[in-house]
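J.: I am attaching a structure below and will ask some questions about it afterwards.
Rule-based calculations on the coordinates, nothing more; no lab input. As the structure is a computational prediction, the values presented were derived from the model and not from experiment. With ideal geometry, Cβ positions are generated from the backbone for all residues, glycine too; neighbour counts draw on all protein chains shown.
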Amino acid sequence: MKERIIGRVKRVNGPILIVKDIKDAMMMELVRIGEQQLVGEVVKLYDGLATVQVYEDATGICPGDNVYGSGMSLSVELAPGLIGTIYDGIQRPLEQLMAASGAFISRGLTFDAVNHQKRWSFTPLIETGATVTAGQILGTVQETSRIEHRILVPVHIKSAVVSEIVEAGEYTIEDILATVVLSNGHQEQICMLQRWPIRLPRPVDKRLALKQPLITGLRVIDTLFPLAKGGTVAIPGGFGTGKTMTQHSIAQWCDADIIVYIGCGERGNEMTDVLKEFPLLIDPRTGHSLMERTILIANTSNMPVSAREASIYTGITMAEYYRDQGYHVAIMADSTSRWAEALRELSGRMEEMPAEEGFPAYLPTRIAQFYERAGFMKTLSGNSGSVSIIGAVSPPGGDFSEPVTQHTKRFVRCFWGLDRQLASSRHYPAISWLESYSEYLGDVKQWWNDHSDGTWYQSRQKIMDLLQKEVRLQQIVKLVGPDALPDTQNFILEVCSLFKTAFLQQNAFDEVDRFCSVEKQVKMLSVILAYYEKGLEAITKGVPMVKIRRLKAVQEMARMRLTVKGDELETIDRLQLRLERSIDQIGGIYEN
Amino acid sequence: MRTKAETLLAQTDRRLLSGREYRGVSRIDGPLVYMRNTHAVGFGELVEILAPDGSHRSGQVLDTSDDVVVVQVFEGTDGLTLPATGMRFMGEPLTLGVSEQMLGRVMNGLGKSRDGSGTVQGFTQREVNGEPINPTAREYPRDFIQTGISVIDGMTTLIQGQKLPIFSGNGLDHNQLAAQIARQAKVRGSSGDFCIVFAAMGVKYDVARFFIDSFEETGVLDNVALFLSLADDPSIERTITPKTALTLAEYLAFDKGKQVLVIMTDMTNYCESLREIGTMRGEIPSRKGYPGYLYSNLAEIYERSGKISGRSGSITQLPILSMPNDDISHPVPDLTGYITEGQIVFERGMQARGIYPPINCLPSLSRLMKDGIGEGMTRADHPHLANQLFASYSHVKDVQNLASVIGEEELTTLDQQYLEFGSFFEKKFVNQGFDEDRSIEQTLDLGWEALSKLPSEELQRLTDEEIAQYYGK
């Protein structure tokens, strides 16, 4: 590849190069610059010149340096071995970079994304003579103890007859597994390793309606603002409001099959935390390590800005690849604002005319293109799989009216707004119940009602209603103090306050509390609503609120999120019975 | 198209040509000098500028193309003329000679002597821009640094390898606090080789004096390397000062195994110099005129902290920045907050009430605290205690608002207890002397003393056992 020179450097301005003497360079072609072989990509072609974006620090590049073409677009390698690996923004495995250049990342290094020598145990599912179509499953490889990697017929082979297929056995990803004959008589060979350009969505048969929720184990999300599998959500919040913590929690406990975690322009130590912590965590559903379903992309804030721009696409392409195998994949992108800023930085260097706040005019288009790659799909092989996108947004100054938040809101259907006030009082997750919304309520209503004896939708409505009432009451309290309210209204404040501490708050570091099953959520909500209804009944009979508040069962309710383990949920049923009984008792006294 | 031989020839040419002197520049604009008709000069190359008066200055290539090279001059362009200014392109990136002898010295922003005791000896050459640390090579920081300051140790704990900025304003006591931390900071149970790298960007002479005196008084001056680029030095020098300082810090930490505390003040001045250059070059500005790459640029500084697995040293950063008009949403504090692992926020009102350090712990945060406190590190009750103090103090603010409307007399007994708690918390827990060095146990006990002003039912974030052990004791 070093032999094909496409041009020579004319000008260097940070990560943007102007290359002259261009003849046959392709748009979006992957190139290498100078004798250091730095990685770059052609982003513009005009008048015999090309604009090239460099994915590494540009120090030392001189005018006159050769630019070598690779003949292909910036692509990722897709094969068994992706899971459990940590990559930089252009799919270079960071552990190998470390082996080659030590603790600091040097420039001009190239590595295969997956190990080409390792042998995998392949089991064919197709016999010689069979007709295969694009995306069909050719055979399987057990990638990790929980992920069966399905080898697909490459997308460009529309229909072909298998003339030869290997027996079950150990093969490297470059070994030829099958030979097929196309309808025009040409022969094609298929191996495990495939490449796909990152900026091109992988094709599917069709999009399906979203019906299943993505269960995250966070109560405020699952119960109040659910996300559907295949859905998109934005989590905006100023610094310190807990975006990253929320993302970590979801990555750890959500019920997707595969997680792609993209640390895009974030802190090095945070990525290290993920790296060290995930292998130690055990998935409550399967009993396996969480790393056995996770792919990490770490392009920290001090790594080159062009690679940050690419990291989002690298991540989603790998996600789509697993979706095509029939898996449910969730992508965490932390944070899309850094990605948008990378676009802005590069656009500024290319001296393009800026739109809002210096962002390029194509920002909304790019955001839309990214989020539209999510969805619940019928794959080419006829299975179903999904990609859900959970994108963090870091609005400057915590101000949600800035362009990235606003444009993102246009293209996502779910919004979990983080609130600084809540974060300051250490109410985590600091998801505001007033500002957030989910358009998936109607889509997942059926599923949730099936899993809660038909109560979920109504219960949710009730508690949201109380929270709205509370806002108005709080305003009155601010003016005249709580004593001026009648007990019936004061009780709403009391119930909401309990709901916030006992239900909405969740401690990510507590063994019991960090994951809350659907069943537990349903029961917890039910007991809190019972408290409201029974309590209100008693108060109208004349029971002073203080009496109800002091009940032992109420104190227990405040701590049930921490005390009731996942396998002893009847405790909550018993608690509810006891609560109702003791309120009835007090009520009885006052009735007479 | 050139053949391989030609390419090789061009490279040899370039090697031979580097160091060659050119005379006569085409344009001088603020700190930038433009020169035409040079050999092919590499991006980011070090440049030696020969001023007409015979003095030498240093600079760096900001933009290079076939016909013109743009150089920024760190010492400023005063006195340069178009025909008589000479340049030498050194063919290598900007480097700094580093050595342990730099401890105890006062240098300018480029690492040259400023204290009049001869040239600074640097034996190992290091690139000033540094290289990013591979995330897989990092070690997650979890060693608690005891600063002896209650509100920091108790509420926003500093961890070895962390970057924790102080968001302050003009006229607030951030310098005193930084000096106090530098004096008192220690990792308990380890006698680690501790040293300080101090970088001053555009600060007043008095401030620099204050730090030098304070280091001298406590006898740590021999363990401090000072890089001073003062308010009346060329503003461009500030853009390189934190990088030279961190280059030395990396050497001391990762080559020599020292525990390095880097204090950088004032980051706002650094950003303003960047803005100056950006505007001068006609770049498209983003928020408040700051360049669009400010985030990446700050990240390249702040991310040069941490620990590397297998090496004993660490870099802890304590950048100080003044928020213009006390506005935390100003681009500099805002972008900083997104990169650093938390922040310590000063509040003018608290200083007016005579509280030192005037830290408002509610917007303050230490992201690494969670893994550095608790059993075996500080004390088992620390995480819950801090959590409870945050929650209760945050309620105090609500009560104060209510009290300002309906009057303190109208408050319920419980709310009055909260006010009492709030006042104790600010006056006894937060407030302390310049020389007061409290151990973590003293800090936590003070926290419990504050909570004992509240009825125990209010303490929902503490376990019953913790309450039984410490409450009201």
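J.: Counting other C-beta atoms within 10 Å, which of A:CYS264, A:CYS496 has the fewest, and how do the rest follow?
T.: A:CYS496, A:CYS264
J.: Then there's this: Along Cα→Cβ, 7 Å out, is where each label goes; now give me the distance between the ones at B:SER190 and A:GLU170 in nm to one decimal.
T.: It is 4.3 nm.
J.: Can you tell me the dipole magnitude for the protein assembly as shown around its Cα centre, using point charges on the Cβ only (Lys, Arg +1; Asp, Glu -1), in Debye to the nearest 20?
T.: My answer is approximately 1360 debye.
J.: Between A:ASP573 and B:SER423, what is the FRET efficiency for a Förster distance of 45 Å, r being their Cβ-Cβ separation, to the nearest 0.05?
T.: 0.50
J.: Could I ask something else about it? Run the helix sum for chain A: -39,500 (n - 2.57) per DSSP H stretch of 4+ residues, divided by residue count, reported at 222 nm to the nearest 500 deg cm²/dmol.
T.: -10500 deg cm²/dmol
J.: If I take every Cα pair under 8 Å that is 6 or more residues apart in chain A, average their sequence separation and divide by the length, what percent do I get for the relative contact order?
T.: The value is 13 percent.
J.: Amide H of A:CYS191 versus every other amide H placed in the peptide plane: which residues, excluding those fewer than 5 positions away on the same chain, fall under 5 Å?
T.: Amide H neighbours of A:CYS191: A:LEU177.
J.: Across the stretch B:29-42, in residue order, what do the Karplus-derived ³J(HN,Hα) couplings come to in whole Hz, using 6.51 cos²θ - 1.76 cosθ + 1.60 with θ = phi - 60° and x for Gly and Pro?
T.: Karplus-based 3J(HN,Hα) across the stretch B:29-42 equals 9, x, x, 9, 10, 9, 9, 9, 6, 10, 6, 5, 9, x Hz.
J.: Nothing charged except the Cβ atoms of Lys and Arg (+1) and of Asp and Glu (-1): what's the magnitude of the dipole of chain B about its Cα centre? Round to the nearest 20 debye.
T.: With only Lys, Arg, Asp and Glu charged at Cβ, the dipole is about 1620 debye.
J.: How charged is the neighbourhood of B:GLN417? Take every other residue with its Cβ under 9 Å from the Cβ of B:GLN417, and add Lys/Arg as +1 and Asp/Glu as -1.
T.: Result for the local shell: -2.
J.: Sort the following peptides by mean Cβ neighbour count (other Cβ atoms within 10 Å, averaged over residues), highest first: B:306-315, A:486-495.
T.: B:306-315, A:486-495
J.: Tell me the label-point distance for the pair A:ARG549, A:THR286, using the 7 Å Cα-to-Cβ offset, in nm and rounded to one decimal.
T.: Simple spin-label model gives 4.8 nm for this pair.
J.: Ok, one more. Just need the relative contact order of the stretch A:120-195 here, percent rounded to a whole number, with Cα pairs under 8 Å and 6+ apart.
T.: 29
J.: Right, next: Calculate log10 I(q)/I(0) of chain B for q = 0.06, 0.07 Å⁻¹, where I(q) comes from the Debye formula with a single equal point scatterer on each Cα and nothing for solvent.
T.: Debye output, listed in q order: -0.32, -0.43.
J.: Report Rg (one decimal) and Dmax (nearest whole number) for the stretch B:382-470, counting Cα atoms only, units Å.
T.: According to the Cα coordinates of the stretch B:382-470, Rg and Dmax are 13.8, 40 Å.
J.: If you plug each phi of the stretch A:149-154 into the Karplus form 6.51 cos²θ - 1.76 cosθ + 1.60 with θ = phi - 60°, what whole-Hz ³J(HN,Hα) values come out, in order, with x for Gly and Pro?
T.: Working through the residues one at a time gives 7, 9, 7, 9, 5, x Hz.
J.: Between A:GLU95 and B:SER312, what FRET efficiency comes out of the Förster formula 1/(1 + (r/R0)^6) with R0 = 22 Å and r the beta carbon distance, rounded to 0.05?
T.: In this case the efficiency is close to 0.50.
J.: Another question, then. What average count of beta carbons from other chains do you get within 10 Å of the Cβ of residues in B:323-336?
T.: 2
J.: Oh, and also: With charges set only on the Cβ (+1 for Lys and Arg, -1 for Asp and Glu), what does the dipole of the stretch A:5-74 come to about its Cα centre, in debye to the nearest 20?
T.: Once rounded to the nearest 20, the dipole reads 200 debye.
J.: Any idea which of A:PRO364, B:LEU226, B:PHE434 is furthest toward the positive side of the dipole for the protein assembly as shown, if Lys and Arg beta-carbons carry +1 and Asp and Glu beta-carbons -1?
T.: Result: A:PRO364, furthest along the dipole toward the positive end.
J.: Ok, one more. Of A:VAL52, A:VAL204, A:PHE509, which is farthest on the positive side of the dipole of chain A, counting Cα position, with +1 on Lys and Arg Cβ, -1 on Asp and Glu Cβ, and the Cα centre as origin?
T.: Most positive-ward Cα: A:PHE509.
J.: Here is a follow-up. Taking the Cα centre of each part, how many Å lie between the stretch A:507-528 and the stretch A:349-370?
T.: If we compute the Cα centre of each part, the gap is 42 Å.
J.: Looking only at other chains, what is the average number of their beta-carbon atoms within 10 angstrom of each beta-carbon in A:232-242?
T.: What the average comes to for A:232-242 is 3.
J.: When DSSP assigns beta bridges and you keep just the ones with both residues in the protein assembly as shown, what percent turn out antiparallel, to the nearest 5?
T.: Rounded to the nearest five, the antiparallel share is 65 percent.
J.: In the structure shown, do any of A:LYS523/A:LYS565; A:LYS462/A:LYS523; A:LYS276/B:LYS258 have a Cα-Cα gap over 18 Å, and if so which?
T.: Listed pairs above 18 Å: A:LYS276/B:LYS258.
J.: Follow-up question, since we're still on this one. In nanometres, what is the gap between the two model label sites at B:LEU17 and B:LYS288, each 7 Å from Cα along Cα-to-Cβ?
T.: In this crude label model, B:LEU17 to B:LYS288 measures out at 4.3 nm.
J.: Would you mind listing how long the stretch A:82-230 runs along its three principal axes, going by Cα atoms, in whole Å with the largest first?
T.: Result for the stretch A:82-230: principal-axis Cα extents of 55, 48, 31 Å.
J.: How about the stretch B:384-473: which GluC sites (Glu not before Pro) there lie in a loop by DSSP and see at most 14 other Cβ atoms within 10 Å?
T.: B:GLU436
J.: A follow-up question, please. When the chain is fully extended, how far beyond the present Cα-Cα distance does B:ASN170 get from B:SER456, taking 0.36 nm per residue of separation?
T.: That works out to 98.9 nm of additional length.
J.: While we're on this one: Please report the antiparallel percentage of DSSP beta bridges with both residues in chain B, rounded to the nearest 5.
T.: 60
J.: First select every other residue whose beta carbon is under 11 angstrom from the beta carbon of A:ASN302; then total the charges, Lys and Arg +1, Asp and Glu -1.
T.: -2
J.: Here's something else I'd like to know. At a threshold of 8 angstrom on Cα-Cα distance, excluding pairs fewer than six apart, so keeping six or more, what relative contact order does the stretch A:206-443 reach in percent?
T.: Relative contact order for the stretch A:206-443 comes out at 31 percent.
J.: Right, here's the next one. Of the options A:LEU218, B:GLN259, B:SER456, report the single residue whose Cα projects farthest towards the positive end of the charge dipole of the protein assembly as shown (beta-carbon charges: Lys, Arg +1; Asp, Glu -1).
T.: The listed residue farthest towards the positive side: A:LEU218.
J.: How much net charge surrounds A:GLY542 when only other residues with a Cβ under 10 Å from its Cβ are counted (Lys, Arg +1; Asp, Glu -1)?
T.: -1
J.: A follow-up question, please. Shielding of B:293-303 by partners, i.e. mean partner chain Cβ atoms within 10 Å per residue?
T.: 6
J.: Hey, with R₀ at 51 Å, roughly what FRET efficiency would A:GLU148 and A:LYS462 work out to, going by the Cβ-Cβ distance, to 0.05?
T.: 0.75
J.: Given the C-alpha atoms of the protein assembly as shown, compute the convex hull and give its volume per residue in Å³.
T.: Looking at the protein assembly as shown, the number lands at 173 Å³ per residue.
J.: So what's the convex hull volume per residue for the Cα atoms of the stretch A:120-195, in Å³?
T.: In the stretch A:120-195, the Cα hull volume divided by residue count equals 81 Å³.
J.: What does DSSP give for the stretch A:309-458 in terms of the percent of beta bridges that are antiparallel, rounded to the nearest 5?
T.: Looking only at bridges with both residues in the stretch A:309-458, the antiparallel portion is about 55 percent.
J.: Just from its helices, what would the mean residue ellipticity at 222 nm be for chain B, if runs of 4 or more DSSP H residues each count -39500 (n - 2.57) and the sum is divided by every residue, rounded to the nearest 500 deg cm²/dmol?
T.: Mean residue ellipticity, 222 nm, calculated: -9500 deg cm²/dmol.
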